Every structure is written in C-alpha cells, then in structure tokens.
Amino acid sequence: MKNKATLQFGKHNIGRFHFLLLTLVLIIFFRPFLDGLILTDIWVNLCTDIFLYLALMSGLYAMSEQTGQLRVSWVLIGIVMILGLLQHILHSPSVEKIRVALTVVYLIQIMVMIWTYIEKEKKNQVKIDLIMAAACTYILIGMIWAYAYFFVESYHPGSFKMPENLGTDLSSFNYYSFVTLTTVGYGDIQALTRPARTLSILEAIIGQLYLVIMISRLVGLHASQVVSETKKTN
C-alpha cells in the first residue's frame, strides 16, 4: 500500500510537505525571472498564476487526510482559478481584489490545517517531513503578510515609501514581507502609516517567536528521537 505521507516520482518518494515547500519557494522566486524572459505582462501574470495554483493544489495534497476542510479548500481553489481566468479576460480591479482576498483566505486555511497537523503528529514522532511542514507555515506567514501590506496600500495609498524603481504590486510587498519576517530590515521600503507599521511589528515578532518556539523545538525533538533510536539499535 502506498504511503499517503509521500508523493512517488518513479522510484523516489518525496514527502508531501517537501513538495509543498518546493512549490511555495518556486512561487516566490520564479516571478522575477519571468519578467526578463517574457515581455508580455499577460503571459507573465498567467505563468505566475499557474505556479500559484500548483502551490495551492500541493497544499490540498498535503492536507489530504483532513477531508472536511478539504472540501472547503477545493471550493475556494475552484473559485480562485475561475476568477483568475476572468481577470485575464476582463481586467477588472474588482475581480482582482476578490481573487486576492479569497487567495488569502485559502492560504490562512492551509496554514491553520498544517499547524493542526503539526500539533497532532509531534506527539508521536517528529520526522523530517514534519519539520518541512513547519517551514511551509513560516513561508505562508510571509506570503499572507505580503497580501496584508498589499491591501493596506490599496485602500490607503502612501502607507509605504517605495524606491523609484519599484511599484506597489504584490511582488514588492512579498520582498518587504520576507525582509521584515526575517528581521533583515534593509530599509529601502518603509512603513509610514500606523496600520502599516503595526503590521510590520507584528510580523517581525511572530517570525522570531515562530523560529524560536516551533522550528527549534521540532528540530530538538527530532534530534533527541534519532539519538534514542540509535542507542536502542546499538
């Protein structure tokens, strides 16, 4: 019987959260290179959407055991894909805002489902794929906050001070979000209004607490379990 915790490619088994982590990383790093390879914005946006849907679908696969929430996830992803297609045809700001909002709802749902899975599974045995699940949550935090910054700037223009060569699109806020999450703080993009600054502070605090409390704890539990198993075999 095939292990539900893995995805099989030929003779190789890839942990389901390894696959989700890969798609999340691709969606962050793939878009900037598309701008140099594809000259038409429509095709750039379409390719970006394809990678987004791949990440969303891999999220569904990773959560395949949670059947109740899985049905809700399929409905959300279906609506997001339809709205994405309509946006490419109609170029409507309203459709784009609804699509982005539902994408955020879906990402939050996936993050909560992964968190629930981690809390359940870490009581049994902490495997590498469980640590990858925690890493996925960390990246999802950065992506969700990027959408939050995007909404703040959309409804309150001037909330962020941008360099002249950067626009106020989602890719700029992805950059700012992960710089804030990791507390690198280059300072090229600055939060000016109270809502923007409050979101930035919260993201920086959550990012550091998550690494210290969740990631380090799982890695420590995994290391102790490996040592314990090694002693038993010897």
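Okay, here's what the table says:
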{"item": "The range 45-109-the range 176-206 distance, computed between alpha-carbon centres (Å)", "result": "26 Å"}
{"item": "Mean Cα-pair separation over length for the range 102-160, i.e. relative contact order, pairs under 8 Å, 6 or more apart, %", "result": "38 percent"}
{"item": "Assigned charges on the beta-carbon of Lys, Arg, Asp, Glu; the range 113-234 dipole about Cα centre (debye)", "result": "600 debye"}
{"item": "Listed candidates (1) 22.5, 76; (2) 19.3, 66; (3) 18.0, 58 - label of the one calculated as Rg and Dmax of the Cα atoms in Å", "result": "(2)"}
{"item": "For peptides 17-29, 113-125, sequence by mean Cβ density within 10 Å, most packed first", "result": "17-29, 113-125"}
{"item": "Within the chain: Cβ-based charge dipole about Cα centre, in debye rounded to nearest 20 (Lys, Arg +1; Asp, Glu -1)", "result": "1000 debye"}
{"item": "Accessible surface, per residue, of the chain when the full set of protein chains is kept, probe 1.4 Å, Å²", "result": "57 Å²"}
{"item": "Listed residues Leu140, Leu170 arranged by accessible area, highest first, probe 1.4 Å", "result": "Leu170, Leu140"}
{"item": "Where GluC sites (Glu not before Pro) fall in DSSP loop in the range 138-206, at most 16 other Cβ within 10 Å", "result": "Glu164"}
{"item": "Accessible-area composition of the range 144-234, carbon plus sulfur, in percent [1.4 Å probe]", "result": "63 percent"}
{"item": "For Phe160, residues with placed amide H under 5 Å, excluding near neighbours", "result": "Leu192"}
{"item": "Cα-based reach from Lys127 at 16 Å (exclusive), listing aspartates and glutamates while leaving out same-chain residues under 8 positions away", "result": "Glu119, Glu229"}
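The values are calculated or read from the model by the stated rules, or taken from the named source; none is laboratory data. Keep in mind the model is a prediction, meaning the values are calculated, not measured. FYI the Cβ positions are ideal-geometry reconstructions off the backbone, even for glycines, and counts take in every protein chain you see. In case anyone asks, the SASA skips ligands and DNA or RNA and just uses the protein heavy atoms, side chains included. Shrake-Rupley method; radii C 1.70, N 1.55, O 1.52, S 1.80 Å.
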